[in-house]
C-alpha cells in the first residue's frame, strides 16, 4: 500500500479508485468510488474531503462546529480490486496458512507463506474475478487447508496501473 496521503494532495491525484470515510463519533461508514466524488465535489484537497462529505450527509457537528470525527482511510485492495488490477499492477499475493485442527487433532500451520502466481489465477478464474472472493476458490498449497489469509503486496508503480496508465 502506498504511504498515507498528505493533506496537500488533491482528490484527482489519489491513486486508488475507492475511498473509505469513517466517523468514530457518529458511527458512520462509507466506501465511495473516487470518480463519483470527483463528479459531486470536484477536485478537493484530501484533508477537506471527509468534512465536506459529513456536512452534506446531515452531520450536525460538521455543519455547526466545522468539526467532525470523519476521517478518510485507504480501503484495502482486496475489498474493491479484481485480478486484472493485480496482474497489470504487478501485485504479489502471499498465502499464509492458519491451520489449527487436522482430523479432530491439533495440527500445525505450514511454516512458510506461499506465493500465489497471479497469471495462473487469471487463467483459472478470469480477469474480472474479485479479490474478495479469492479465499473461497483456493486452498493452502502445502496442506489443503481452508484456514488461511491472503496478503497482497502492492508496489508503488501499481498505483499507476489502476488509474489507466499502462
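Rule-based calculations on the coordinates, nothing more; no lab input. This structure is a prediction, so every number in the text was calculated from the model and none was measured. With ideal geometry, Cβ positions are generated from the backbone for all residues, glycine too; neighbour counts draw on all protein chains shown.
With the convex hull of the Cα atoms taken as the outline of region 11-75, the averaged projected area works out to 3.9 nm². The value for region 79-162 of Rg(Cα) / (2.2 N^0.38 Å) is 1.18. Taking the number of Cβ atoms within 10 Å of each Cβ as an exposure proxy, the fewest-first ranking of 41, 14 is 41, 14. Calculated FRET efficiency, residue 123 to residue 60, Cβ-Cβ distance, R0 = 41 Å: about 0.20 to the nearest 0.05.
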